[in-house]
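Reviewing the structure listed below.
The values are calculated or read from the model by the stated rules, or taken from the named source; none is laboratory data. A quick note: this is a predicted structure, and the numbers were derived from the prediction, not measured. Please note: Cβ atoms are built from the backbone with ideal geometry, for glycine as well, and neighbour counts cover all protein chains shown. The area values use the complete protein model at the heavy-atom level, side chains included, leaving out ligands, DNA and RNA. Shrake-Rupley method; radii C 1.70, N 1.55, O 1.52, S 1.80 Å.
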Amino acid sequence: MEGSTIGMEHSDRNQKTSQTKCCPPRLKIFIAALAFCYFSKSMTASYTKSTITQIERRFEIPSSTVGIIDGGFEMGNMLVITLVSYIGAKFHRPKIIGAGVLLMGIGTLLMASPHFIMGRYKYGTAATHTNDAGNFTVISTCSSDSQKTLQQPYSGCRKEEAESSPLWVIVVLGNTMLGIGEASIIPLGMSFVDDYARPENSAFYIGCLNTIKGIGPIFGFVLGSLCANLYVDIGLVNKESVTITPQDSRWVGAWWLGYVVSGLLTLLAAFPFWFLPKALPENSQISLLDNTPQQHITTPSLTEIVKDFAPTFKRLLTNKIYILYLAYSIVAFNDFAILVTYTPKYLEQQFGQSASKANFLIGVTCVPAVALGVFLSGLMMKRFKWGLLASARVNLLNIVATVFLTVPFFALSCENLDIAGVTVPYQGSTEVQGVTSDVLPPCNADCGCPDLHWDPVCGENGVTYISPCHAGCSSTQGAGRNMTFHDCRCIQSWGLSVGNSSAVLGQCSQNPNCNRMMYLYLGLQSLALFVYSLGAVPLFTMSLRIVDPELKSLSVGVLLLSIRVLGGIPAPIYFGALVDSSCLKWGQRKSCGRGACRIYDIETFRFLFQGLTNCLRVLACSLLWIATIWIKRKMQNDKQISKDMEMQRGPSDDPEHEDTVK
């Protein structure tokens, strides 16, 4: 009888031990649902970055305004992140996450809605003579008729402006809803996993979730590549009537289509959270180390929550190491926001790539490198069991290595495209006149060419001209994309014969060596991002380990709020304004003012992009170095205090010593 009882106790003990060693089944379901949510939200976020150029062209807005659209996510997030992190942690966390994901899905679909409200996309070109608004015709060749049709009635201008310009606000609103919904996912999801997983497994699970979050952008950028290669009004217009190609700076892809796909996927990701419990069965081994899960079993009153918030928030902000970590994160996120938002545009402008190809290359090179780095950082965190100090040192080493790897980027670029009157002078001129100059070269001075018009053609001399009119072309052959322009006087001035003075639609292509330069750049960038991502999990766990256990959710919430308010919102806007300053040729919105930029000074763009991001990395590195020193000092002080307390207690306080004396 006693033997059987002992055997049953032994088997129960083994069963409990096995349960504590593995992940509880419901926690696995929660992690799987959270992983799917991470995938959908990161895919949507990366797709949004891939559509920056398309949105800029479709709404005819500058990069600084696009920065406002991109910052809408951060604006919505900052409105609720602290409230959700603090109050949400005390209620049903899975259902709060589910409601947030549902709101994200609705916001994503809302971002696609302007396409169905706006009319068809129209661009000025010499290949088709269209009657737009019924009162003017665009003619881009050098002829006597062109001067008669340059004036456009102001009434038509006002109508176009009123119809299209405000609709980008709807995209901002949808992106803001995305930010509000996303506010609950990271702080509540991470704290839930950290509460109910074994301490040695928590970092591994967080690493896996961040890896899934890194895989989502691969699909997001590939989806962006596919949609950018489709014309914006696909299914509504005849393909043969579209005279521009994806390489043209006026091309707008089907930017709205990806939002529909990702929005439906996000709605699907919301459902599992509504069927998960508020709290999981308590793990006895975790309870001995951390009593945090117990606070979620009972729901406190709203009065208690509000009363306890001020002292709790004060405890967090008086943690000097946390404040320094916060400053480092803000600076690093400024760098991250600029890098993620403007890398597609950087590849397009520096290496002459279409938006479709740029998005595809980012999706298959840089994003997998980040995902692999994050996954390995989680494995290393579990394998080596890095503490707070070791995590800080790993991050410091990674960011220093990243700075050295990105220095060669200053030299990796192509030369500015030869554009007559913009980057190179007309033949026979001694200087660049500029696109708004009243002084025109003799070859097109009597053509009456509109300075703000943009309909580029490539001459046989390898020089791009703003329009056939600016090339001095007086005759055409063919139609549509096959149209060619002849008797171009500005091309003849380069010493070419009359028979070789023709031009074709579109800009001239870049030097073939430019492609090799681009692949070298992508290889180095992928390596730099991989090295930097090796510190991703240690960096995030620092925010959980430098505060008391009951402050984990709040610390993550304050962290996310700070980096969004001081990093995610301003960075795309102020850098967008800097990018606008490097524009050489602006588009025109039906003579109603400045539209999107057509051509940038790529040398200025390169030094702005690489210079600012590297300066931010150096500053972040300095802050993290100071934080590492403080962490080391704190650990030494804590160790000394513990040693002094043991010495003060003395041998007489030791029960074993007392038994020995007796």
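A few notes on this one:
- Members of region 321-330 found to be aliphatic (A, V, I, L, M) and over 19 Å from the mean Cα position of the chain (by Cα), listed by number: 321, 323, 324, 326, 327
- For residue 652: the one exception among (1) at pLDDT below 75; (2) within 30 Å of residue 352 (Cβ to Cβ); (3) of a type in the set (S, T, N, Q): (2)
- Condition check for residue 234: over 22 Å from the mean Cα position of the chain (by Cα), aliphatic (A, V, I, L, M) and open to solvent by 10 Å² or more (accessible area, probe 1.4 Å): yes
- On the stretch given as region 331-348, residues that are farther than 22 Å from residue 514 by Cα and open to solvent by less than 30 Å² (accessible area, probe 1.4 Å) total 7.
- Selection from region 349-360 of residues that are modelled with pLDDT under 90 and either open to solvent by 10 Å² or more (accessible area, probe 1.4 Å) or farther than 22 Å from residue 608 by Cβ (or both): 349, 352, 353, 354, 356, 357
- Any chance residue 399 is in contact with a Cys (Cβ under 6 Å, 6 or more places away or on another chain) and either without any contact (Cβ under 8 Å) to a residue 12 or more places away in the chain or over 30 Å from residue 512 (Cβ atoms) (or both): yes
- For residue 353: the one exception among (1) under 20 Å from residue 401 (Cβ atoms); (2) not in a helix (DSSP H, G or I): (1)
- Of residues in region 491-508 being within 14 Å of residue 462 (Cβ to Cβ) and at pLDDT 80 or above, the one surrounded by the fewest Cβ atoms within 10 Å (Cβ to Cβ): 504
- Pair list, Cβ under 6 Å, 6 or more apart: region 577-602 residue farther than 15 Å from residue 342 by Cα and modelled with pLDDT under 90, other residue assigned to a helix (DSSP H, G or I) and open to solvent by 50 Å² or more (accessible area, probe 1.4 Å): 590/160; 592/161
- Residues of region 190-217 satisfying the condition of being open to solvent by less than 40 Å² (accessible area, probe 1.4 Å), at pLDDT 80 or above and either farther than 21 Å from residue 55 by Cβ or of a type in the set (Val, Ile, Thr) (or both): 209
- Restricting region 73-114 to residues that are modelled with pLDDT of 90 or more and open to solvent by 10 Å² or more (accessible area, probe 1.4 Å), the residue that is nearest to residue 467 (Cα to Cα): 113
- Identity of the residue in region 530-540, in a helix (DSSP H, G or I) and touching a Leu at 6+ places or on another chain (Cβ under 7 Å), that ends up surrounded by the most Cβ atoms within 10 Å (Cβ to Cβ): 530
- The residue pairs whose first member lies in region 56-67 and is open to solvent by 10 Å² or more (accessible area, probe 1.4 Å), whose second member is β-branched (Val, Ile, Thr) and at pLDDT 85 or above, and whose beta carbons are closer than 7 Å, counting only pairs six or more residues apart or on different chains, are 57/252; 58/232; 58/252; 64/573.
- Test for residue 180: is it open to solvent by 50 Å² or more (accessible area, probe 1.4 Å), among the β-branched types (Val, Ile, Thr), at pLDDT 50 or above and touching a Gly at 6+ places or on another chain (Cβ under 9 Å): yes
- Wholly within region 441-489, strands (runs of 3 or more DSSP E) carrying at least 2 residues that are surrounded by fewer than 23 Cβ atoms within 10 Å (Cβ to Cβ): 475-477, 484-486
- Of the residues 249, 284, the single one that is polar (S, T, N, Q) and at pLDDT below 75 is 284.
- Count of residues meeting criterion [closer than 15 Å to residue 171 by Cα and not in a helix (DSSP H, G or I)] in region 24-61: 4
- Where a residue in region 403-427 is farther than 22 Å from residue 516 by Cα and its partner, wherever it lies, is open to solvent by 30 Å² or more (accessible area, probe 1.4 Å) and assigned to a helix (DSSP H, G or I), with Cβ under 8 Å and at least six apart: 403/618
- Total residues in region 331-348 satisfying the condition of being more than 13 Å from residue 618 (Cα to Cα), more than 11 Å from the chain's Cα centre (by Cα) and not basic (Lys, Arg): the figure is 3.
- Members of region 598-612 found to be buried (at least 21 other Cβ atoms within 10 Å of the Cβ), in a helix (DSSP H, G or I) and not basic (Lys, Arg), listed by number: 602, 605, 609
- Filter result (of a type in the set (Gly, Ala, Ser) and either free of Cβ contacts under 8 Å to residues at least 12 places away in the same chain or under 24 Å from residue 604 (Cβ atoms) (or both)) within region 314-369: 337, 352, 354, 355, 358
- Screening 522, 527, 544, 559 for residues that are in contact (Cβ under 8 Å) with a residue 24 or more places away in the chain, part of a helix (DSSP H, G or I) and over 19 Å from residue 395 (Cα atoms) leaves exactly one candidate, 522.
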